[in-house]
Amino acid sequence: MDHSAWRLIALIVAFTVTGCLTGAGIYEQSVLDAVWPHKPSIVRPVEGGANRKLFWVPANVAAVAALLLALWAAWPIAGARNATLVAVALFATINAVTIAYFGPAVLRVEKLSVPSDDPASLAWVRRSRWRTPLSLGVNVALGRYCDNGSNHLAQLLWSFCCYEGPTRRSTGQSSLRFAPTCPPVSWLVTPTIEQILLQLNLF
């Protein structure tokens, strides 16, 4: 595959990885965070509780790598670059507050015996919920990276999957050719997305 195909794959991978982190965060808040302040042993590995570091440390490393690749992939196009920079900034904000507050606070619960319904634990859960909107913002920024923000990543993926190869009009300009089973390009690709695909040299 050429560089253009790798750029597309990098954007999709970043969207998928950060989406998985958002889903895991929502699950954690809905299941663990709803219970552990009342029963701290649930998140204390020494007492047989969940060891969240086993997931979040490698997951965040993977997300950082995926976002850096996505930034490289989006850099040639201003709209994509700006949206990816927003995603990176939001992700950096989430990790900054996690390292500064959420991480040390939950490590204290894991290592030390804290009472049930501790005010600090309840406050941690309430504040942690604010990380979800930021995480969703990362996904939205990666999913809506076109110049006018009106096209989804799914449209680009569908158009790429339907693509058969380049053609040339009599004017010498590139045109798009899709598989016969795919809907007409006008149903799937707006002028903005077509322009972006041409800029990526996919067609």
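Quick note: the coordinates plus some simple rules give every number you see, no bench work behind them. Worth saying up front: this structure is predicted, and the values here are computed from it rather than measured. So basically every Cβ, Gly included, is an ideal-geometry build from the backbone, and we count neighbours across all protein chains shown.
Here are a few things to note about the model shown:
- Applied to region 95-101, the Karplus parametrisation 6.51 cos²θ - 1.76 cosθ + 1.60 on θ = phi - 60° returns per-residue 3J(HN,Hα) values of 6, 5, 6, 5, 5, 6, 10 Hz, with x for Gly and Pro.
- Efficiency of FRET between Asp118 and Ala59 - r from beta-carbon atoms, R0 25 angstrom, step 0.05: 0.40
- FRET efficiency estimate (nearest 0.05) - Cβ-Cβ, Ile9 to Trp75, R0 25 angstrom: 0.95
- Stokes-Einstein D in µm²/s, Kirkwood radius over Cα pairs - region 69-109 at 25 °C with 0.890 mPa s viscosity: 213
- Using a Förster distance of 30 Å, the FRET efficiency for Ile26-Lys111 (Cβ separation, nearest 0.05): 0.70
- Packing-based ranking, highest mean first, of 116-122, 42-48 given that Cβ atoms within 10 Å are counted: 42-48, 116-122
- Extension gain, Glu47-Val97: 0.36 nm per intervening residue step, less the Cα-Cα distance, totals 15.3 nm.
- Taking the average, over residues, of other Cβ atoms within 10 Å as the packing measure, peptides 100-108, 8-16 rank 8-16, 100-108 from highest down.
- Ranked by how many other Cβ atoms sit within 10 Å of their own Cβ, fewest first, the residues Thr18, Thr93 fall in the order Thr93, Thr18.
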